[in-house]
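Structure first, commentary second.
The values are calculated or read from the model by the stated rules, or taken from the named source; none is laboratory data. Computed from a predicted structure; not experimentally measured. Virtual Cβ from ideal backbone geometry, glycine too; neighbours counted across all protein chains shown. Ligands, DNA and RNA are excluded from the accessible area calculation, which covers all protein heavy atoms including side chains. Shrake-Rupley method; radii C 1.70, N 1.55, O 1.52, S 1.80 Å.
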Amino acid sequence: MSQCEEETEVVSQELWFKQMMVSFRILYTIGHTLSLFTLVTALIILLGLRRLHCTRNYIHANLFVSFILRAVSVIAKDALLDRYWSREIMAEADLGELLSHRAAIGCRIAQVVMQYCILANHYWFFGEAIYLYTVLISSVLSHNKNYMVYIFLGWGTPVLFVVPWILAKLLKENKECWAVNENMNYWWIIRFPILFASLINLVIFMKILKVILSKLRANNQKSYPDYKLRLAKATLTLIPLFGIHEVFFMFATDEQTTGILRYIKVFCTLLLNSFQGFLVAVLYCYSNKEV
């Protein structure tokens with residue numbers, strides 16, 4: 001009787017876990033779909049109106065494209081997972097196709113594209129940070145020239161890390177959709193450049209915030225409440241631009257979090273990452289006074 005009760009408890013826990021994972025998937029699918037729609041529309045606006053053509057908006061447009069590709073790759077990866085690994089096995093031929101290398105290759109390609117787009121996201125954030133730092137504080141790069149530097153930074157840098165990760169997966173962990181990280185050392189090939197870019201963005205963000213703070217103090221000595229409101233607005237605008245939220249999860253790595261804490265981290269990460277494209281499109285296109 002005790003064995004039967006334990007089995008019932010295990011089944012109920014597995015059912016709860018499955019329902020939670022399905023809810024998470026619905027959440028990020030809605031987020032990526034909404035982001036995809038708003039980003040495509042914002043991209044058409046930025047590129048379609050000639051008066052909006054400038055280096056700053058070109059950088060925004062490339063950031064939009066990286067988000068669009070990321071959303072498409074996530075949706076495509078899930079569709080391929082459903083197609084090959086979520087159907088019932090009715091015959092021996094179905095099992096053979098399920099275990100075949102051909103079944104996994106499309107999903108692996110989508111996985112590679114997704115990892116590339118995630119890195120491109122962060123390095124276009126890095127480009128946004130460098131551009132804003134150049135305009136407000138320094139003149140390391142002329143913001144009217146050297147646009148190709150931003151192109152190489154945003155689209156070229158991810159290649160330097162994605163290619164070694166592909167080789168590591170191909171030679172050491174060539175299983176299913178490459179979604180499971182059995183050896184976390186290989187996952188650091190992708191994680192390290194993301195954390196590096198996020199930390200540099202955090203430093204730039206603090207310096208820019210200091211400049212904004214000093215300017216607002218100089219212009220609003222008699223209007224403190226309005227000054228706090230404008231500072232909060234500037235802060236909230238800069239955070240999604242630079243992807244600073246990644247730093248908050250830097251020390252809570254996948255291998256260190258367990259139980260409820262792990263589920264909370266996964267929920268927050270999926271929520272922010274899937275809706276981030278929508279937020280960026282609203283802030284840098286639909287709320288843009290020039291638009």
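Counting protein heavy atoms only, the stretch 14-63 has 70 percent of its accessible area on carbon and sulfur, 1.4 angstrom probe. So which of Lys207/Lys289; Lys210/Lys289; Lys77/Lys169; Lys77/Lys175 end up more than 21 Å apart, counting from Cα to Cα? Where the Cα-Cα span goes over 21 Å, the pairs concerned are Lys207/Lys289; Lys210/Lys289. Annotation: per residue accessible area for the stretch 124-203 equals 53 Å², rounded to a whole number [probe 1.4 Å, protein chains only].
Among residues other than Tyr284 whose Cβ falls under 12 Å from its Cβ, what is the net charge (Lys/Arg +1, Asp/Glu -1)? Local charge sum for Tyr284: 0.
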